[in-house]
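Notes follow the structure.
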Amino acid sequence: MKKFLLLILICFVQNTFSQSTKKDSKTKASQTKSSEIPIVKIKSGSHSDSDLVLDGPESSQTIITDNDNAVYNTAGIEVKPDFPGGMEKFFKFVDNNFKYPQDAEIANINLNGKKVYATFVVEKDGSLTDIKILRDAGYGTGTEAIRVLKKCPKWTPGEQNGKKIRVLYSVPIIIKSN
């Protein structure tokens, strides 16, 4: 019985002290977060992008208009961007132009089958911009993937509502030994 009461006392004391610490930290976190997060309000009854209003911490309002330079995700668009001839031709283009890194050859490292994950924006004219490597296999594979993507011919751009748009595209590049 004494052990049980001691256990309850310990739990009570621990709970009391831990709540006061959490309460203080929550107050500080909420104060910083509320000043950084903008609030989006709908200006009128219609729900188009041009009617959204940004209400920032300074209480100044900025109207977000239909921006021709917006970058769309491939998931929500009508016509996705495509490499001329399809993705099979794209992967053949990458295989033909990707040079196996010399650092890996010197170190006798086998990178065959490893993947380099890249993202880029397919522009309205089909060119590739904002090329980024999310993850590579090391030994200069990311740099080589960027070089190959910059060399890539123009893609067919994505479309939304009959207009050509900028689209963020992600692709895995599989390394094959020469």
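Please treat every number below as a calculation from the coordinates, not as lab data. Note that this is a predicted model, so its numbers are computed, not measured. Glycine also receives a Cβ, built like all others from the backbone with ideal geometry; neighbour counts cover every protein chain displayed.
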Worksheet item: Using the scaling law 2.2 N^0.38 Å as the reference, what is the normalised Cα Rg of segment 77-178?
Response: 1.14
Response to the item:
The FRET efficiency for LYS151 and ASN112, from their Cβ-Cβ distance with R0 = 22 Å and rounded to 0.05, is 0.50
Practice prompt. Give the calculated FRET efficiency between ASN73 and GLN102 to the nearest 0.05, with a Förster radius of 22 Å applied to their Cβ-Cβ distance.
Written response: 0.05
Worksheet, complete the sentence: Per principal axis, largest first, the Cα atoms of segment 97-136 extend in Å by 42, 18, 15
